[in-house]
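Input: a single structure, listed below in C-alpha cells.
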Amino acid sequence: MNALDALCDYFERLDAGNLAELDAYYAQDAWFKDPFHEVTGAAAIRAILKHTFAKLPGARFRVTRRFPSTDGHAVILWEMNFVMPVTRQPTTIRGATHLEFDHTGKVIRHRDYWDAAEELYARLPLLKWLMRALARQAAAPL
C-alpha cells in the first residue's frame with residue numbers, strides 16, 4: 001500500500017479513539033490549513049481533530065476520489081458526515097484536500113478546501129436566511 005492509500009484508509013477509520021496514529025502519517029512539523037485553522041505540527045493537527053470529534057461525535061470521513069501524482073503531491077475529494085449539533089440533522093460537508101508528502105511518505109502539507117458558507121453556515125436556521133439574502137444581492141441579474 002502506498003502512502004496516499006494508507007492515509008486515505010486512516011482518514012476513513014479516523015475517530016477520537018485513534019488520533020494517536022496520526023504520527024504514523026504526518027511529519028512532526030507538518031503544516032495544516034482549513035477554513036478555520038492554520039497550524040504547524042502534528043500535535044496541533046491532532047488537537048484540531050480532537051476538538052472536531054468532541055463537537056461532532058460520530059463524525060466520519062469518506063474519501064470519494066484520489067488524484068495521486070509522481071512529484072509527492074496528491075489531491076483527494078472527501079465527504080464528512082455528522083449530525084449538526086444545532087439542528088440535529090444529518091449533514092454532509094464535501095471538500096478537497098491538497099497533500100504533499102516527504103521522501104518517507106509522511107504528510108508535510110495538508111490544505112483543506114471547502115466552502116464553510118455553503119456547507120456549514122447556510123444550514124443554520126438564522127444564518128440560512130441571511131446567506132440567501134446576501135447571495136441574492138450579489139448575484140448578477142439574468
Number of the condition not met by Lys50 [criteria: (1) of a type outside the set (Phe, Trp, Tyr); (2) assigned to a helix (DSSP H, G or I); (3) buried (at least 17 other Cβ atoms within 10 Å of the Cβ); (4) within 15 Å of the chain's Cα centre (by Cα)]: (3)
Qualifying residue in segment 33-40 (condition: more than 18 Å from Arg109 (Cα to Cα), at pLDDT below 95 and surrounded by 14 or more Cβ atoms within 10 Å (Cβ to Cβ)): no
Which numbered condition Tyr121 misses (of (1) over 25 Å from Arg62 (Cβ atoms); (2) at pLDDT below 90; (3) of a type in the set (Ser, Thr, Tyr)): (1)
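The values are calculated or read from the model by the stated rules, or taken from the named source; none is laboratory data. Source: prediction; values computed, not measured. Cβ sites come from the backbone with ideal geometry, for glycine too, and all protein chains shown count toward neighbours.
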